[in-house]
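Throughout, read-outs are computed from the coordinates displayed, never taken from laboratory work. The shown structure was predicted, so the numbers you read here are calculated from the model rather than taken from an experiment. Please note: Cβ atoms are built from the backbone with ideal geometry, for glycine as well, and neighbour counts cover all protein chains shown.
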Amino acid sequence: MADTTEVKKGKAPVTESLLTSGHRACAGCGEALGAKLVMDAAGPNTIATCATGCLEVFSTPYPESAWRMPWIHSLFENSSAVAAGIEAALLAMGKAEGINIIAQGGDGGTADIGIGCLSGMLERGHNVLYVCYDNEAYMNTGVQRSGLTPYDARTSTSPSGAVSWGNQHQKKNLLEICAAHGIPYAATATVGYPQDLASKVKKALKIKGPKFLHVHVPCPLGWIYPSEKTVDIARIAVNTGLFPIVEFEYNKLTRVRKIGKTRQPVEDYLKPQGRFKHLFKEGGEAELEKIRQIAENNIQKYNLV
Amino acid sequence: MKKLIEGSMAVAEMVKLCRPHVIAAYPITPQTHIVENLSQFVADGEMNAQFLNVESEFGAASVVLGASAAGARAYSTTTAQGLLLMAEVLFNISGLRLPVVITCANRAISAPINIWNDHSDAMVVRDAGWVMLFAEDNQESADMHPQAFKIGEDSNILLPVMINMDGFILTHAFEPVDIPDQADVDAYLPPYKPVQFLDINNPMTFGVLAEPQWYAETRYKIAETLEDVKPVIEKAADDFKAKFGRYYGGLIDTYRMDDAERVFVAMGSIIGTLKETVDDLRAKGEKVGILKIRSYRPFPKEKILEVSGHVKEMMVLEKAFSYGSGGMLQEELRACFYGAKNQPKISGFVLGLGGRDVPPSTLKKIYEHSRGKVISNEFVDLRQDVAQQGSPFAMKF
């Protein structure tokens, strides 16, 4: 997946990814794949911020760094605000031209603890692309539930039990929350479709102003599936309607990825994952029906078939 | 040129002269006039800065963190609840070694909610790895800003600086303040030359994970730098004096202390009231003086010992308290003299909490009744009728 990009005239072309190999991510990590795709699409004239989480931990254990680009991690909830500060600084110093600024965070760092700073960054109109790598729980701390954990998923703080089917709240609609700020571009993408993800990054970076990209990144450890299945799982999420691939421009739905010919039942997505195993025991049918309804609602809402 | 202006306006004027690239702030009383004035300067085109109205103090501190990491000069201001909301970021800014400057318009902390002055807010973050300076009046508050940037941006220091000025007492008081010319401030405070910053031509990783074999050294370096910064603070004050002719002390300042047997120790605007009180007492033949703590972090232990060899009694006045322990300034003063040849009697008084007025009469009362004694953690001028109630702030309608 090496990307050939030129840093400066006269220098040899760079053939390594900006998020280089040798870091400590788990085998099959969807977030590592997602971050590499995003940065290589963006290219070397990019400054990145990163929220606390797996991505930061596996890529920067002192004295090593996997980032071949200017990169900063500050705290869990301020990746967007730090990026806003960088953008303001570059503007004030007359150095903003031609520089991409990408803020990164996980689902918890974006949709839960970081949503205040994110909203502020979007509302103020900073020329920043925010990328949320959504693996649907607090994976770095041991798979606890977040606001983007899907309905009925079993996590370490939303366990299934005698009187519970797991997470009893629906996944927050982060994309539409961001789109509702009236920003020029808000889209979902997935590591299941890398070319689509890369082209959305490139498209977003051509637009001036705040952009938001919500990337679905399966996690073999937290979702409990074999590590070679990350891309398959990501694709099935799309094909069931559980993770719609859509684009908003100025809060208007402009494009969707149709699943008319590829549509799959939600069981195809749920069954291979240990976090949904409890739904396939006695009494689980009613819960499966609720999840079918969630998929159906997405399909109707975004006209996916 | 001297102008009769509000303290907040004086600070805003001086911040403008420091030419920060980025200002981010969230409004909170009594800091508001500072940011209102700065936003007006930007709106009028008098200031070439990015002014960001952010969604919280947490966001404000994070924005200036990012701006500073990108190599810009960055400024914010807050108080009380806002400072507490910033707390997580404040530690991060010093850990990342970013020379941000923040003005804290010192105010009490809720509950019960109270918007008036004390030092409870700043004391909460005294261990955040910041240089913390306390100003006595509006001229000093204003003049501390170019000094603060100069101290923090020193390539041997690279630490953030917090300027503390008493809320309302200073921020809202009108005093004649000399606002210098831009050229003179430019000569005193050259543009910031960052050593390491986010740069596409020289990519670096900031904010790494430090495992147990690395973390302690990063903390040690902050501790070491907060010692190294002591002469830098003094030099910034001396250079300022050479350029502008004004001086308020370096790490400390003293007033009529040369032959003083008894000394008041305090920080902030109470120094003004103390000077008047000491003059009165001196007129009656009392050998009394004032030790002003100008730099609370780093704590000027050596300087205090240097000027206190002849002192018999110290009366520490402080506008904050460490619940379950004692007055922080009282404890630090006492620790300062541990093992010293001369060990004065050190008494501690807690006063001025939540904006309670501290008139000279109160200070004279303290002076009289502590004579020859060691008094600890005395809350001054308490209303006994209220203090004796079981739970004075849960009320029935």
Report task. Please give, to one decimal in nm, the separation of the simple spin-label points placed at A:ASP232 and B:ASP184, each 7 Å out from Cα toward the Cβ. Result -> 7.7 nm
Report task. Would you please give the residues with an amide H less than 5 Å from that of A:THR157, counting only those at least 5 places away or on a separate chain, with H modeled from the backbone geometry? Result -> A:ARG145
Query - 19 Å reach of a label modelled at B:GLN343, 7 Å along Cα-to-Cβ, counting backbone N of the stretch B:367-384 - result: B:372-377
Query raised in the report: Which ³J(HN,Hα) values, rounded to whole Hz and listed in residue order, are derived for the stretch B:80-87 from phi using the Karplus coefficients 6.51, -1.76 and 1.60 in 6.51 cos²θ - 1.76 cosθ + 1.60 with θ = phi - 60°, glycine and proline given as x?
Result: 6, 4, x, 5, 5, 5, 6, 3
Requested in this report: Within the stretch B:291-397, report the trypsin sites (Lys or Arg not before Pro) that DSSP leaves as loop and that have at most 10 other Cβ atoms within 10 Å.
Outcome: B:LYS341, B:LYS373, B:ARG383, B:LYS396
Query - Amide proton proximity set for B:ASN106, modelled H, under 5 Å, gap of 5+ - result: B:MET165, B:ASP166, B:GLY167
Report task. Return the subset of B:LYS312/B:LYS365; B:LYS243/B:LYS292; B:LYS3/B:LYS193; A:LYS206/B:LYS193; A:LYS95/B:LYS235; A:LYS36/A:LYS206 for which the Cα-Cα distance in this structure is over 21 Å, preserving the input order. Result -> B:LYS243/B:LYS292; B:LYS3/B:LYS193; A:LYS206/B:LYS193; A:LYS95/B:LYS235
Query - Within 10 Å of each Cβ in B:209-216, the average number of Cβ atoms from other chains - result: 3
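For peptide B:242-248, compute the average count of partner chain beta-carbon atoms within 10 Å of each residue's beta-carbon.
Values: counts 0, 0, 0, 0, 0, 0, 0.
Mean inter-chain Cβ contacts per residue within 10 Å come to 0.
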**Report entry** In order through the stretch A:93-99: 3J(HN,Hα) via Karplus (6.51 cos²θ - 1.76 cosθ + 1.60), integer Hz, x for Gly, Pro
**Finding:** 8, x, 10, 7, 4, x, 9
Query raised in the report: Once amide H atoms are placed 1.01 Å from N in the peptide plane, what residues at a sequence separation of 5 or more from B:GLY207, or on another chain, have their amide H within under 5 Å of its amide H?
Result: A:HIS73
Report summary line: Burial-style ranking of A:218-224, A:294-300, B:126-132, A:30-36, average other-beta-carbon count within 10 Å with highest first, yields A:30-36, A:218-224, B:126-132, A:294-300
Query raised in the report: What FRET efficiency, computed as 1/(1 + (r/R0)^6) with R0 = 35 Å and r the Cβ-Cβ distance, is obtained for B:GLU276 and B:GLU227, rounded to the nearest 0.05?
Result: 0.50
Query raised in the report: Residue by residue through the stretch A:258-264, which ³J(HN,Hα) values in whole Hz follow from phi under the Karplus form 6.51 cos²θ - 1.76 cosθ + 1.60 (θ = phi - 60°), with glycine and proline marked x?
Result: 6, 10, x, 8, 10, 4, 10
Report task. Could you rank the peptides A:255-266, B:228-239 by their average count of other C-beta atoms within 10 Å per residue, with the highest value first? Result -> B:228-239, A:255-266
Requested in this report: Calculate the mean, over all residues of peptide B:368-380, of how many other protein chain Cβ atoms lie within 10 angstrom of the residue's Cβ.
Outcome: 0
